[in-house]
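The values are calculated or read from the model by the stated rules, or taken from the named source; none is laboratory data. Given the structure is predicted, the values throughout are model-derived calculations rather than measurements. Cβ sites come from the backbone with ideal geometry, for glycine too, and all protein chains shown count toward neighbours. Areas reflect the complete protein model, heavy atoms only, side chains present, ligands, DNA and RNA absent. Shrake-Rupley method; radii C 1.70, N 1.55, O 1.52, S 1.80 Å.
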Amino acid sequence: MAPYIPLLRRETLEEKEEVLNKFQNKMKYFELELESRGTTYFGGQEHPKMLDYMMWPWLERAEIIPLIDERLELLPKSSFPLLVTMYIIQ
């Protein structure tokens, strides 16, 4: 799910961006699903369920990507406002 290891193995910015683009294209499904449900969590409005708990450990590590390369961002808030708001502590 997370692109951390593939990113570490890439040399150029273009290769790293390719890894992130693939990841972000897959994560768009989850963003659109939250939008269509109109809920805070996949499990509902008030309480997270299994999918939320399974995704959280991976997405909370999003802050590591700028440490790998400051020009990169795992989930840009402009493209993933619901996932960013839910999972990433800012």
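So what J values fall out for the stretch 28-33 if you push phi through Karplus, 6.51 cos²θ - 1.76 cosθ + 1.60 with θ = phi - 60°, rounded to Hz, Gly and Pro as x?
Once rounded to whole Hz, the list reads 4, 4, 5, 4, 5, 5.
Provide the gained length on full extension for the span N21 to I64, in nm with one decimal, where the gain is 0.36 nm per separating residue minus the Cα-Cα distance.
The span from N21 to I64 would gain 13.8 nm if fully extended.
Using +1 at the C-beta of Lys and Arg and -1 at the C-beta of Asp and Glu, which of T12, M86, S36 has the Cα lying farthest in the positive direction of the dipole of the chain?
It is S36, whose Cα lies furthest towards the positive end.
Which label marks the calculated value of mean projected area of the Cα convex hull in nm², given the options (i) 4.9; (ii) 5.6; (iii) 6.2?
(ii)
Any chance you could give the angle, 0 to 90 degrees and rounded to 10, that helix 50-59 forms with the longest Cα principal axis of the chain?
Helix 50-59 and the main axis of the chain meet at about 30 degrees.
Work out which GluC sites (Glu not before Pro) in the chain are exposed loop sites (DSSP not H, G, I, E or B, at most 11 other Cβ within 10 Å) and give the longest gap free of them.
Here the longest run is 12-45.
With the full set of protein chains in place, find how many percent of the accessible area of the chain is carbon and sulfur; take the probe as 1.4 Å.
54
Test of understanding: what is the full-extension gain from Y29 to L13, defined as 0.36 nm times their sequence separation minus their Cα-Cα distance?
3.3 nm
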